[in-house]
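Engineer: Below you'll find the structure I mean.
Read-outs throughout are calculated quantities, based only on the coordinates presented, and are distinct from any laboratory measurement. None of the values given here were measured: they were computed from a predicted structure. Counting neighbours? That spans all protein chains shown, and the Cβs are built from the backbone with ideal geometry, glycine included.
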Amino acid sequence: MIEDLLAASLLVLNWQTILAISAGTIVGLMIGAIPGLSATMGMALLSPFTFFVHPLIGIPFLIGLFKGGTFGGSVSAILVGTPGTAANAATLLDGYEMKKKGKAGEALLGALHASLVGDFFGTIALIFGAPALALIAIKFGPIEFFALILFSLTMICYVSGRSLAKGLLAATLGILFALIGTDPLGGTPRLTFGLLELQGGLNVIALVTGLFGITEVLIQIEKFGQNAYTKNAPQMVYLGTIRENLKAVSKYLRTIVRSSLIGTFIGALPGIGSETSPWVAYGLAKRSSKDPDSFGKGTLEGVVAPEAANNAVCGAAMIPMLVFGIPGDIVTAILMSALIAQGLQPGPFLLVEHRDVIYALFMSVLIATFALYIFGRLTLKWWMRILTIPAPLLYSIIVTFCVVGTYSYKSSSFDLVVMFIFGIIGYIFRKLDIAIAPLLLSFVLAKILEESLRRGLIMVDGNILAFFERPIAAIILGLTVVILISFVLIEWRKWRKRRS
């Protein structure tokens, strides 16, 4: 492995790849710092432009954007009380309170240092965990893949928002949309309503761009008259010296390491992602703190815990995506689409057939970790000014990127129609408080689930009970049943509590 990493270093230590990582990180920081934008939206808007360059330029750019966007959301969370991304919502609780006390600089740099540690943990897990898992994944057949993807779909319960029923509705619609197109085994068109454009299925880039780009623009149109960015214009903040910041953060080193491990573990579980890990880390930090009452009132520990966790997810979430072809969260679902567009099909044989490229991507992830710290430290004052951009100008630019990015992928005007339709669907979901994540994750996983199930049934002559005769599949299916039962019990207890 060491030899592979050294060889990979020669592939990525060139000015094109370094420039791509740097540009991606800076763009991610900018996007994440603006309330309403996120790494997910940035990936959706810009991933089509990476399809036309070498994989070791396009994919590292997206990796840098992923990491920069994840941390960038903490800037607006701390300075204006509005998280740039859902992953930074927990950071707001203490970060904004610290800003009110005049400690915004301490909070920002505390978040940056915690992000560096968390990012490093997730990256190390990716570099050493993915190849080891690939050796096991090579033994997986259709039955094992079906069991694993079914298990991943149960994880959607974690990203269903406040209502499990609404989350399941979104997931069901995602599966329905995934069935549109041509039968993968029989070659028969289905749910196409006679439209030739639908025989190839729905374009995932158009779907993602609509759900996250157009939807956000529609939501923000309602706020154009409020001058939200102008009235929240951030004040200049004293950032202090690196020595002062490290001294303040070192008091909570145990919390940072624990939160990094939590983020790494949760990130490696398919379907959960960065929206869950910060809250778990924040809760455990509060529970184990010597002064739990200080949480929510402006303690640095309440900032570093969620930031370490959500950045640890970045590298860890790529493990199931690369090894099994199952995205760890929404952003890696988009990253997986970019890999496929480059001719790199995620799965256990990817590390065998494209070993040099994948290890080069591992090194890109590691370089992006340090790029995040360097550019995060140097450009924090820039992002404070970006928060004052007039909303109409900002979102006009976003719509332009949505249209150009979606059209450039396949030069299809029909994809633009799909994009705007899903923009409206996403808008309706947001207004009804229905989580969008289950729809996208189930859309991506459904095609693999169907094909694995049907191929598995052919192998066992239609006897689905034979799935439990294979040890790996039986263990995974058993875990799935346990999780489903636990969620049923949780929902039942909530129902009884409301009735009492």
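Engineer: Along segment 207-217, what does the Karplus equation 6.51 cos²θ - 1.76 cosθ + 1.60 (θ = phi - 60°) give for ³J(HN,Hα), rounded to whole Hz, x for Gly and Pro?
Structural biologist: Result, ordered by residue: 5, 5, 4, x, 5, 10, x, 5, 4, 5, 4 Hz.
Engineer: Then there's this: Where Rh is the Kirkwood radius over the Cα pairs of the chain, the temperature 37 °C and the viscosity 0.692 mPa s, what D in µm²/s does Stokes-Einstein return? Present the calculation step by step, with values, prior to reporting the outcome.
Structural biologist: On the way: Rh = 23.0 Å.
In µm²/s, the coefficient is 142.
Engineer: Say the cut-off is 24 Å between C-alpha atoms; which of K290/K494; K67/K381; K290/K381; K99/K251; K67/K139; K103/K286 go over it? Let's see the in-between values first.
Structural biologist: Details: K290/K494 31 Å; K67/K381 19 Å; K290/K381 33 Å; K99/K251 20 Å; K67/K139 32 Å; K103/K286 20 Å.
Too far apart for the 24 Å limit: K290/K494; K290/K381; K67/K139.
Engineer: If you fit an axis through the alpha-carbon atoms of helix 355-386 and take the longest principal axis of the Cα set of the chain, what angle between them do you get, 0 to 90°, nearest 10?
Structural biologist: 40
Engineer: Over the chain, what is the relative contact order in whole percent, taking alpha-carbon pairs under 8 Å and six or more residues apart?
Structural biologist: Numbers: 960 pairs, mean separation 140.6, N = 500.
Relative contact order of the chain: 28 percent.
Engineer: So which chymotrypsin sites (Phe, Trp or Tyr not before Pro) in segment 317-361 are both in a DSSP loop and have at most 15 other Cβ atoms within 10 Å of their Cβ?
Structural biologist: Details: sites: F324, F349, Y359; in loops: F349.
Loop-located and lightly packed - F349.
Engineer: Neighbour counts of other C-beta atoms within 10 Å: give me Y96, Y282 arranged from fewest to most. Don't skip to the answer; put the middle values down first.
Structural biologist: Values: Y96 21, Y282 27.
Listed from fewest to most nearby Cβ atoms, that is Y96, Y282.
Engineer: Classify segment 415-484 from the C-alpha gyration tensor, please: rounded if a/c falls under 1.5, else prolate or oblate depending on whether a/b exceeds b/c.
Structural biologist: Values: a/c = 4.68, a/b = 2.08, b/c = 2.25.
Because a/c hits 1.5 or more and a/b fails to exceed b/c, segment 415-484 counts as oblate.
Engineer: Calculate how steeply helix 164-179 sits against the longest principal axis of the alpha-carbon atoms of the chain, using the helix alpha-carbon long axis, and give the answer as 0 to 90 degrees to the nearest 10.
Structural biologist: 50
Engineer: State, as an integer percentage, the relative contact order of segment 1-62 based on alpha-carbon contacts under 8 Å between residues 6 or more apart. Kindly include the intermediate steps, with their values, before the conclusion.
Structural biologist: Working: 34 pairs, mean separation 26.2, N = 62.
After rounding, I find 42 percent.
Engineer: If you don't mind, there's one more thing I want to ask. Going by alpha carbons, how many degrees (0 to 90, nearest 10) lie between the helix axis of 55-79 and the longest principal axis of the chain?
Structural biologist: 50
Engineer: What ranking, highest mean first, results for peptides 170-182, 65-77, 361-373, 22-34 when packing means the other Cβ atoms within 10 Å averaged over each residue? Write out the running numbers ahead of the final one.
Structural biologist: Working: 170-182: 19.0, 65-77: 32.3, 361-373: 23.9, 22-34: 25.7.
Output ranking for 170-182, 65-77, 361-373, 22-34: 65-77, 22-34, 361-373, 170-182.
Engineer: Run the helix sum for the chain: -39,500 (n - 2.57) per DSSP H stretch of 4+ residues, divided by residue count, reported at 222 nm to the nearest 500 deg cm²/dmol.
Structural biologist: On the way: 23 runs with 353 residues, N = 500.
Taken over the chain, the calculation gives -23000 deg cm²/dmol.
Engineer: Here's a follow-up. Give the calculated FRET efficiency between V417 and I340 to the nearest 0.05, with a Förster radius of 22 Å applied to their Cβ-Cβ distance. Walk me through the numbers before you get to the answer.
Structural biologist: Numbers: r = 23 Å, r/R0 = 1.03.
My answer for the efficiency is 0.45.
Engineer: About the Cα centre, and with charges only on the beta carbon of Lys, Arg (+1) and Asp, Glu (-1), how big is the dipole of segment 2-499? Nearest 20 debye, please.
Structural biologist: Working: 37 positive and 27 negative charges, 363 e Å.
Dipole of segment 2-499, to the nearest 20 debye: 1740 debye.
Engineer: Go through segment 270-379 and name the trypsin sites (Lys or Arg not before Pro) that are in a DSSP coil and have 16 or fewer other Cβ atoms within 10 Å of their Cβ. Intermediate values should be presented prior to the final figure.
Structural biologist: On the way: sites: K286, R287, K290, K297, R355, R377; in loops: K290, K297.
For trypsin sites (Lys or Arg not before Pro) across segment 270-379 that sit outside H, G, I, E and B with at most 16 neighbouring Cβ atoms in 10 Å, the list reads K290, K297.
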